[in-house]
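Just so it is clear, none of the values below were taken in a lab; they were calculated from the coordinates. No experiment lies behind these values; they were computed from the predicted model shown. Methodologically, a virtual Cβ is constructed for each residue, glycine included, from the backbone with ideal geometry; neighbour enumeration extends over all protein chains shown.
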Amino acid sequence: MEKEVIKKEKDFKKSKFPFIMTIITFIIGYIFFYSSKGNPLNLKMKILLIGYLPTFLFLALFLISYFKCSTEKSKAVITILSSILTLFLFGYYISAIFICAFEEAENPITDVRYYKDKVNGSLLKAFPKEIPNNVEKVEFYYAPGVLQGGTNYSLYYIDKNMTLDKFAQKYKDHAIWIGHKDEYNEQSGLLTGAFSYTPAEYNNEDDYIIYLMEGKCDHSGYCNHGDFLIAAYNEKTNEVIFKSEQW
């Protein structure tokens with residue numbers, strides 16, 4: 001019995017490296033999967049597979065090493081395979097991050113249940129911490145930026161209890177500019193996409209009073225790169241829009 005325990009301890013020591021890498025890659029895989037909250041189920045499954053593929057490979061190497069490899073030569077082969085796989089991990093995860101980002105950009109999150117998971121930090125200068133319970137026709141949109149593609153957040157709803165005075169009282173003291181879209185001429189092109197991915201896009205955009213909370217452009221002359229954060233209100237229709245874009 002004692003010999004058997006000693007043998008198992010030796011077997012585990014020789015299989016320890018793939019076991020440790022199984023744990024490490026499992027943790028990284030969980031981070032990948034956790035980041036997919038709110039995505040469609042088919043995309044979640046794809047990200048799950050991408051995130052945990054190294055875990056499955058290291059787990060297989062560990063099980064083979066521990067239960068099937070009885071000679072020093074076979075265990076050395078497993079160690080070499082584990083080392084080679086480890087060397088490829090950095091490149092694999094970099095590629096995986098880009099693949100997942102492209103997939104998420106093509107599959108924006110629109111489920112309002114994930115609003116609080118995605119909207120936080122400096123976005124709360126304009127966006128509400130929680131979507132009010134009394135509002136109607138709520139639409140949420142989030143898509144991460146990839147390469148030249150911009151990161152977009154938007155929240156739209158109709159609030160029949162809102163008035164211009166209430167809205168102004170909340171945002172005017174924090175805004176760096178207030179006015180209608182067609183009146184803005186401080187940084188050419190900054191507010192071009194102010195209402196993109198909302199029901200207001202190309203639809204009475206100039207009826208909204210915009211409270212620009214943050215806004216900056218590059219020095220190209222037409223905001224080839226920049227970002228903005230706005231809160232906007234249409235007094236005629238009680239439509240409210242919060243929008244952030246970084247590109």
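Brief remarks on what is shown
- In this label model, residue 224 and residue 116 are separated by 4.2 nm, measuring between points 7 Å along each Cα→Cβ vector.
- Based on Cα contacts under 8 Å between residues 6+ apart, the chain shows a relative contact order of 15 percent.
- Calculated [θ] (222 nm, deg cm²/dmol) that DSSP helices of n ≥ 4 give over the chain, each run adding -39,500 (n - 2.57): -14000 deg cm²/dmol
- Net length available on complete extension from residue 23 to residue 169 is 47.3 nm, with 0.36 nm assigned per residue and the Cα-Cα distance removed.
- Among the cysteines of the chain, those whose beta-carbon sits 4.7 Å or more from every other cysteine beta-carbon are 69, 100.
- Nitroxide proxy distance, nm - points 7 Å out along Cα→Cβ at residue 196 and residue 88: 3.8
- Spin-label model distance (nm) - residue 203 vs residue 37, 7 Å beyond Cα toward Cβ: 3.1
- Using a cut-off of 31 Å between Cα atoms, the listed pairs 44/129; 44/236; 116/236; 46/243; 118/181; 37/125 include 44/236 as exceeding that distance.
- Tilt relative to the chain, helix 16-34 - C-alpha long axis, 0 to 90 degrees, to 10: 20
- The C-alpha atoms of the chain define a longest principal axis, and helix 41-63 lies at about 20 degrees to it.
- Helix 2-14 and the long axis of the chain differ in direction by around 50°, with both axes built from C-alpha atoms.
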